[in-house]
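Student: There's a structure below that I have some questions on.
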Amino acid sequence: MSDAGHDHDHRHEGGEPAPIALRVKALESLLVEKGYVDPAALDAIVELYEHRVGPRNGARVVARAWNDPAYRDWLLADGTAAVHALGYTGRQGEHLVAVANTPDVHNMVVCTLCSCYPWPVLGLPPVWYKSAPYRSRAVIEPRAVLADFGVALPAETTIRVWDSTAEIRYLVIPRRPADTDGWTEEALADLVTRDSMIGTGLARAPEGATP
Amino acid sequence: MSDAGHDHDHRHEGGEPAPIALRVKALESLLVEKGYVDPAALDAIVELYEHRVGPRNGARVVARAWNDPAYRDWLLADGTAAVHALGYTGRQGEHLVAVANTPDVHNMVVCTLCSCYPWPVLGLPPVWYKSAPYRSRAVIEPRAVLADFGVALPAETTIRVWDSTAEIRYLVIPRRPADTDGWTEEALADLVTRDSMIGTGLARAPEGATP
Amino acid sequence: MNGAQDMGGMMGFGPVMPEDEAVRFHAPWERRALALTVAVGGGGVWNIDASRHMRESLHPADYLASSYYEIWTKGLERLLLAHGLVTAEELAQGRALEAPRPIPRVLSAEAALAAMAKGSSYDRPVATPARFAVGDRLRAREMNPRGHTRLPRYARGKLGTVEIVHGGYVLPDTHAHGQGENPQWLYCVRFSARELWGPEADPSLAVSIDAWESYLEPATP
Amino acid sequence: MNGAQDMGGMMGFGPVMPEDEAVRFHAPWERRALALTVAVGGGGVWNIDASRHMRESLHPADYLASSYYEIWTKGLERLLLAHGLVTAEELAQGRALEAPRPIPRVLSAEAALAAMAKGSSYDRPVATPARFAVGDRLRAREMNPRGHTRLPRYARGKLGTVEIVHGGYVLPDTHAHGQGENPQWLYCVRFSARELWGPEADPSLAVSIDAWESYLEPATP
């Protein structure tokens, strides 16, 4: 490791570190040539997380919880079982805890130490979730972080931040928007944003509704 | 401030930040042209700290303390007055405390928060003193830092680290080497290294002496 | 280790930049960095705790100047080097110069998808009963290990309350270093922000961490 | 602020690299960076605490990737910008595009040398008696101000013993922000390494900081 903190491992023309795109390309070529990875597996992994596993999964969990009190109770009592029962299993979702927002308590999830995030229900974490501003500030000034998302909560609302320091992954159940009585799960799921399940946002109000 | 943490203030050809040498040169030209600094003052400051103020000052303080018990007592009781009395006054040496190594206690000085250092007696701090490795490690693993300097102390020696968090500057009085009875102050001063007055080294043993 | 990864409570990084949830990647190389990290990790040469430790071992200036997929890439390169699977020269050239070493498995597309769908459970039975119960007051230990740990600095030495007893889980502190799974009871411990950050902190805020039993001691020892 | 400057106890930066004491500078620009910082600082537009705060306000990745004279240079540029003495365009071009603003003084060579030889004392009378005495046990407060402070994170919340009562000194926490000198009693407070770092720490180690009275509270409140 260098004294100045730069990364000197990879030099290309001019002695500068290789741009990351070239570096990753070289790494892939090397690992494929060495036989450590199968290119088809790489493509399959990309396709899976780019197109199939994403926050719409979590939205369906939340919508179910909004519409089905028994499911909601189960989800809060045993998040792992209740989420897996809907088919959302897999890497980074082996152990799940769901936490529900109420009029008094707003939940927010962070991983200050790295990028832990419930992939099977939310997909890959957004870049800001893994960034220093979010990781550093969520545990000390979450209201200022919420302001960056345009969210302002009453001063008397308890903010409950969950730092994912182990293999437990947390899913926020946002509050159900008003004026959605009788909505189907599918319609409700459209109101559930990714950010609302991290706790940096709220569920969307129905169009035309007063927020 | 940028998200990626790079410094984007100064662009030159190609959009890269200007190398620091060019940046300082541009800064000097600008400030001189604006009349905020007198180039003669810049030269005088450089000359002062490159050639006149340095660790030989501190070495003479230490040598005096080794040879003159009354001075040593004064130095330990009122470091500021005793050092200023030898003519070593000025910036970053306004408030001085001297701490003496003994067979039982080894002192070491750091500034974890920036680069505080007793200029009038030691000159400008060495680059390692201002570096992250020293600042981070001196307060948690000083023996490992000492090992980087080739210094090993008995396990039972107390290590006493002084973190210069205020305007008080600390000067270590190293232990007087054996076999120097009757030496002049001038001869003794030659045994006093800069590092021994920071506490990352010991005073030199006389040539030919068993260490 | 007290590396750059342990950033809870740090200041000076600027605002959080929200982003539309439809965005998955910002450049094609990010797709490949993800897939390589996951696929090689699935090869079974190292575990997830070892890979986290390698990432946090990056020089702090490098860690903080890198995007997270860059951190993954640099961590992956270092793991490959540390395990002798590639050489620095091979990385620089992007082609094989030596014969490969055997690794436990190379995932096919089908196997990769199966592994992703299955995941890897980290819960393990623990023979001894849990030392703490929900509602117990306890203190996170002051500890500063040079190796991997998941106890963030901001919680060390602080008084909290057990909120959830999760069960037994693999201990990252040993698992990251090839010293075994050593499962321990894992607790969700809640702290008031005033306990963590002092009397000026937001009085409406509470923060929890998940902490293994050896990270914790009774509030009054 | 909990910026990158507060690095006591961090890990991952590598070894310390000793250097011969005859070395003063590593490049010509370092001489000029030193002289500019000192000379412009002598102009009286800002004080030393404000300049320290500007340096620690650099983005942490930038701070940690910069040498100390680079940090000084970047801090100086920002101070000049913040006080309206230069514009970003002027810095980029390295020449004046607008008329200068008046500053309290421009040091001649003679005045600079006189200022260096004199220094600036920071001790000030404090009207109230010192709250603590040598030997008193006390606790450094848990505090995480967004502005400048000189209480390092590693000492916060920790129990220590007063070793020296230095006298009254200008308080950097307000002085850095143009909120006055507010002199307070300043103490040298000694902590055992075990108190700071936990039971695994070197039992032979003690660390002290200099702490203003408002950083401290009695051991048992």
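The values are calculated or read from the model by the stated rules, or taken from the named source; none is laboratory data. Predicted, not measured: the structure shown is a model, and the values here were computed from it. Quick reminder, even Gly has a Cβ in these numbers, built from the backbone with ideal geometry, and neighbours come from all protein chains shown.
Student: Please enumerate the residues belonging to region D:27-44 that are out of contact with any Pro (no Cβ under 7 Å at 6 or more places or on another chain) and at the interface with chain B (Cβ under 7 Å from one of its Cβ atoms).
Tutor: If the condition is that a residue be out of contact with any Pro (no Cβ under 7 Å at 6 or more places or on another chain) and at the interface with chain B (Cβ under 7 Å from one of its Cβ atoms), then D:27, D:29, D:31, D:32, D:33, D:34, D:35, D:36, D:38, D:39, D:40 are the ones that fit.
Student: Then there's this: Somewhere in region A:69-85, is a residue more than 23 Å from residue A:190 (Cβ to Cβ), buried (at least 18 other Cβ atoms within 10 Å of the Cβ) and within 12 Å of chain C (Cβ to nearest Cβ)?
Tutor: yes
Student: Still on this structure, please answer the following. Name the single residue, out of those in region D:25-43 being crowded, with 21+ Cβ neighbours inside 10 Å and hydrophobic (A, V, I, L, M, F, W, C), that is farthest from the chain's Cα centre (by Cα).
Tutor: D:29
Student: Which numbered condition trips up residue A:176, out of (1) away from every other protein chain (no Cβ under 14 Å); (2) free of Cβ contacts under 8 Å to residues at least 60 places away in the same chain; (3) crowded, with 16+ Cβ neighbours inside 10 Å?
Tutor: Residue A:176 satisfies all of (1) away from every other protein chain (no Cβ under 14 Å); (2) free of Cβ contacts under 8 Å to residues at least 60 places away in the same chain; (3) crowded, with 16+ Cβ neighbours inside 10 Å except (2).
Student: What are the pairs, 6+ residues apart or on separate chains, where a residue within region C:48-62 that is more than 8 Å from chain A (Cβ to nearest Cβ) has its Cβ under 6 Å from a residue that is charged (D, E, K, R) and surrounded by fewer than 22 Cβ atoms within 10 Å (Cβ to Cβ)?
Tutor: Correct list of pairs: C:54/C:78.
Student: List every residue pair whose Cβ atoms lie under 6 Å apart, where the two residues are 6 or more positions apart in sequence or sit on different chains, the first residue falls within region A:57-70 and is of a type in the set (S, T, N, Q), and the second residue, located anywhere, is part of a helix (DSSP H, G or I).
Tutor: As it stands, the answer is A:57/A:121; A:67/A:185, since those pairs meet every condition given.
Student: Here are some residues: C:45, C:40. Which one is within 24 Å of residue C:98 (Cα to Cα), in a helix (DSSP H, G or I) and touching a helix residue (DSSP H, G or I) at 6+ places or on another chain (Cβ under 8 Å)?
Tutor: Just a single option satisfies the conditions, and that option is C:40.
Student: So for region B:118-134 (the condition being facing chain D (nearest Cβ under 10 Å), among the charged types (D, E, K, R) and not in a helix (DSSP H, G or I)), does at least one residue qualify?
Tutor: No, there is no match, as no residue in region B:118-134 is facing chain D (nearest Cβ under 10 Å), among the charged types (D, E, K, R) and not in a helix (DSSP H, G or I).
Student: Related question: Tell me, yes or no, whether region D:141-153 has at least one residue that is assigned to a strand (DSSP E or B) and either of a type in the set (A, V, I, L, M) or crowded, with 18+ Cβ neighbours inside 10 Å (or both).
Tutor: No.
Student: Would you check which residues across region B:1-26 are in contact with a helix residue (DSSP H, G or I) (Cβ under 6 Å, 6 or more places away or on another chain) and at pLDDT 95 or above and list them?
Tutor: B:20, B:21, B:24
Student: Against the definition (in contact (Cβ under 8 Å) with a residue 24 or more places away in the chain and either closer than 30 Å to residue D:168 by Cβ or out of contact with any Ser or Thr (no Cβ under 9 Å at 6 or more places or on another chain) (or both)), how does residue B:94 come out, yes or no? I'd like the intermediate steps shown before the answer.
Tutor: On the way: in contact (Cβ under 8 Å) with a residue 24 or more places away in the chain: yes; either closer than 30 Å to residue D:168 by Cβ or out of contact with any Ser or Thr (no Cβ under 9 Å at 6 or more places or on another chain) (or both): yes.
So residue B:94 passes the test.
Student: A follow-up question, please. Can you pull out every residue in region A:150-161 that is more than 12 Å from residue C:205 (Cβ to Cβ) and crowded, with 17+ Cβ neighbours inside 10 Å?
Tutor: Passing the criteria: only A:151.
Student: While we're here: Quick check: anything in region D:96-116 in contact (Cβ under 8 Å) with a residue 12 or more places away in the chain, among the small types (Gly, Ala, Ser) and more than 8 Å from chain B (Cβ to nearest Cβ)?
Tutor: no
Student: Is it fair to say residue A:207 is modelled with pLDDT of 95 or more and surrounded by fewer than 23 Cβ atoms within 10 Å (Cβ to Cβ)?
Tutor: no
Student: Criterion first (within 16 Å of residue A:34 (Cβ to Cβ), in contact with a helix residue (DSSP H, G or I) (Cβ under 7 Å, 6 or more places away or on another chain) and not in a loop (DSSP other than H, G, I, E, B)) does residue C:79 satisfy it?
Tutor: Taking the combined requirement at face value, the residue satisfies it.
Student: Here's a follow-up. So is residue C:212 more than 30 Å from residue A:156 (Cβ to Cβ), at the interface with chain A (Cβ under 8 Å from one of its Cβ atoms), at pLDDT 95 or above and touching a strand residue (DSSP E or B) at 6+ places or on another chain (Cβ under 7 Å) or not?
Tutor: Judged against the criteria, residue C:212 is a match.
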